[in-house]
1. Give region 69-95 a look and list any residue that's open to solvent by 20 Å² or more (accessible area, probe 1.4 Å), touching a Pro at 6+ places or on another chain (Cβ under 7 Å) and of a type outside the set (D, E, K, R), or say none.
2. Hey, could you check region 559-595 for residues that are within 33 Å of the chain's Cα centre (by Cα) and of a type in the set (K, R) and say which is nearest to A173 (Cα to Cα)?
3. I'd like the full set of residues that are out of contact with any helix residue (DSSP H, G or I) (no Cβ under 8 Å at 6 or more places or on another chain) and open to solvent by 40 Å² or more (accessible area, probe 1.4 Å), limited to region 279-325.
4. Could you tell me which of the residues R170, R178 is open to solvent by less than 40 Å² (accessible area, probe 1.4 Å) and of a type in the set (K, R)?
5. Within the group T116, T142, T156, T98, which residue is open to solvent by less than 40 Å² (accessible area, probe 1.4 Å), in contact (Cβ under 8 Å) with a residue 24 or more places away in the chain, under 24 Å from D250 (Cα atoms) and not basic (K, R)?
6. Given the criterion at pLDDT 90 or above, within 14 Å of L462 (Cβ to Cβ), of a type in the set (F, W, Y) and more than 25 Å from the chain's Cα centre (by Cα), identify the matching residue among Y387, Y394.
7. Tell me, which residue of region 319-367 that is of a type in the set (D, E) and free of Cβ contacts under 8 Å to residues at least 12 places away in the same chain is farthest from K121 (Cα to Cα)?
8. Taking the condition at pLDDT below 90, in contact with a Gly (Cβ under 8 Å, 6 or more places away or on another chain), small (G, A, S) and open to solvent by less than 50 Å² (accessible area, probe 1.4 Å), does G148 pass?
Amino acid sequence: MDIIKEKLKLLPDNPGVYIMLDEYKNVIYVGKARVLKNRVRQYFHNSPKPEKVMKMVANIRDFNYIITNSEIDALALENNLIKKYKPKYNILLKDDKTYPYIKVNMREEFPNFSITRKTAKDGCKYFGPFMGGISCKDILDTLQLTFGVRLCHTATTGRKRECLNYHIGRCPAPCAGRINRVDYTARVKKALSFLDGNYGETAELLKSKMVNAAENENFELALDYKSKIEMLSKLEAKRITSLNRYLDADIIAYATNNMYSAVNVLVTRKGIMQGGSNFALDEAHINDGEALTAFITQYYQNHEVPSEIICEEFCEKELLQNYFKEKFGKSVEISLAKLGDKARLLMMAKKNAEEYLEKSVDKIKHKDDMTVNACKRLQELLSLKRYPRRMECYDISNISGVDKVGSMVVFIDGEADRNSYRRFRIKTVEGANDFASLQEVLTRRLDKLGTDEEEKFPRPDLIIIDGGKGQLSAVKEIFDGRDVGDIELISLAKREEEVFTLYSDESVMISHRDYALKTLQRIRDEAHRFAITYFRNIHSKRNLQSILTEIEGIGKKRRMALLEKFGTLDKIMSASVEELAEVDGISEAKARFIKEYLKENL
């Protein structure tokens, strides 16, 4: 603590980012500050603090800081450092799921409608996000069934043959010249009006078509129309009648019990409530405003930035507005709603967040037992020199020595870090020799330590090998031939779930009910899954290439195009003639020939 006391005296008055370190020099927290001197000193004063902050402070053994030009720069840098270090006491959103949108490609002569999860300033129109039980596929199906707009990506230049959708009345086949641009544009305008929330005309049209289908005893089609009418009723029910029809806003509420926190995000577009999402947070921010700011900046890395965000009064309004302007080039109104409809929406989000927090506390505690606490138990049970924050596990997969591959999976604080996974093609080993294959993989991995690549491949605290004593000894030979510092090495044998270490000839048996063993099993099973998936992909592609070489008229260029589009034999066999014909160099006649060949010979 003497180091900390001396550093506190030297803190500047500038804005910047501070980085808290534990006894092993692991980054455990990253924060931003308008004035570094004031903010960092707060952690070490005897003033009351949230329980989570007190736990974090108890683990601080040192800190660093980086001065920035402004608080906005500090906020952006904080985000980048959190992504890089994944500190255990920061908000780190695991749910990076994005929601679907309907994209209308207005750049085309005959615009097509499709589903996407990314929006862009590209001249296209985007509608959504769609969430809360409404399927984008159902909406697209309704658009095609009602207005006859095209959903395919087939080029409309050059005369094509009509597909099945034309013959069953679902598409006017602009690709085959069956409709002119003026008439198709009229259909698109009606479809766009529907997507803007004008459901009345569509509902009447669907009812008329349903009655007509029923009168013609086409009951299956009539039922299809009926299901689309029911979907329209659900969409209409989402409209908030008291709201401005064109309100595009996200409503964000925060709830905390001073140990754990939760956030609820409600999404409204054009006055229609699209749905909501809940997030459980486990952070050590010194106040609620900073916690909410940290959540918002991370959340909008993966989601559409709305024109307005409605949130609570402790939100750092000016900082966020400036951040969105600088980061996304977009003016976002941060509304601190206190009265009226927006305040009622915020209260709804607040109740959702509080209820979710109440129900999630036990889950969060259980997650801690399965992750951080399990890592602490591993350190104790296996007499490890340090807390195994970054664990890497390795496995080998092959059949009779063919297509040998290795996998490296990474867990940080007991949770999978999938962005850090790596795959290896075995290059130097002949035949089915798992020991030699492990040695090659670990050699290639450990050779990155102390090089420029260590930034991408940080030094692990613990390496886990899938196997027993033999595998452990093989890898130990690699360890002995280089300076690996204090990296620990163990292996986990599957039959009896024995753990072998370098400290004893005897295995360590951990209770099957212990979360420490369950964590080892999870990382071992994940390494096996990752290795065998990679092996199957390689094996399948190699077999697919050899099969495609047998088909007359399919040269290397066409084989590579097919591989690039479909990837596996199963996907090629299940593809339609039209889908095969979309591949560069594959005509419709050639596509039919490929289908017939595969059907007859496989």
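The values are calculated or read from the model by the stated rules, or taken from the named source; none is laboratory data. Small disclaimer: the values here were computed from a predicted structure and weren't measured. Here the Cβ is made from the backbone with ideal geometry for all residues, glycine too, and neighbour counts use every protein chain on show. Note: areas computed on protein heavy atoms with side chains; ligands, DNA, RNA excluded. Shrake-Rupley method; radii C 1.70, N 1.55, O 1.52, S 1.80 Å.
1. The one that is open to solvent by 20 Å² or more (accessible area, probe 1.4 Å), touching a Pro at 6+ places or on another chain (Cβ under 7 Å) and of a type outside the set (D, E, K, R): S70.
2. Here the residue is K565.
3. Going through region 279-325, the residues out of contact with any helix residue (DSSP H, G or I) (no Cβ under 8 Å at 6 or more places or on another chain) turn out to be 287-292, 295, 299, 302-304, 306-308, 313, 317-318, 321, 324-325.
Listed by number, the residues that qualify are N287, D288, N302, E304, S307, E313, K317, E318, Q321, K325.
4. Details: R178 fails: open to solvent by less than 40 Å² (accessible area, probe 1.4 Å).
Just one listed residue meets the conditions, R170.
5. Working: T116 fails: in contact (Cβ under 8 Å) with a residue 24 or more places away in the chain; T142 fails: under 24 Å from D250 (Cα atoms); T156 fails: under 24 Å from D250 (Cα atoms).
Only one candidate passes the filter, namely T98.
6. Details: Y394 fails: more than 25 Å from the chain's Cα centre (by Cα).
Testing whether each residue is at pLDDT 90 or above, within 14 Å of L462 (Cβ to Cβ), of a type in the set (F, W, Y) and more than 25 Å from the chain's Cα centre (by Cα) leaves just Y387.
7. Of region 319-367, the ones of a type in the set (D, E) are 326, 333, 341, 354-355, 358, 362.
Checking the rest, the ones that are also free of Cβ contacts under 8 Å to residues at least 12 places away in the same chain come to 355, 358, 362.
Numbers: E355: 37, E358: 40, D362: 43 Å.
Going through the qualifying residues, I end up with D362.
8. Working: at pLDDT below 90: yes; in contact with a Gly (Cβ under 8 Å, 6 or more places away or on another chain): yes; small (G, A, S): yes; open to solvent by less than 50 Å² (accessible area, probe 1.4 Å): yes.
In short, yes.
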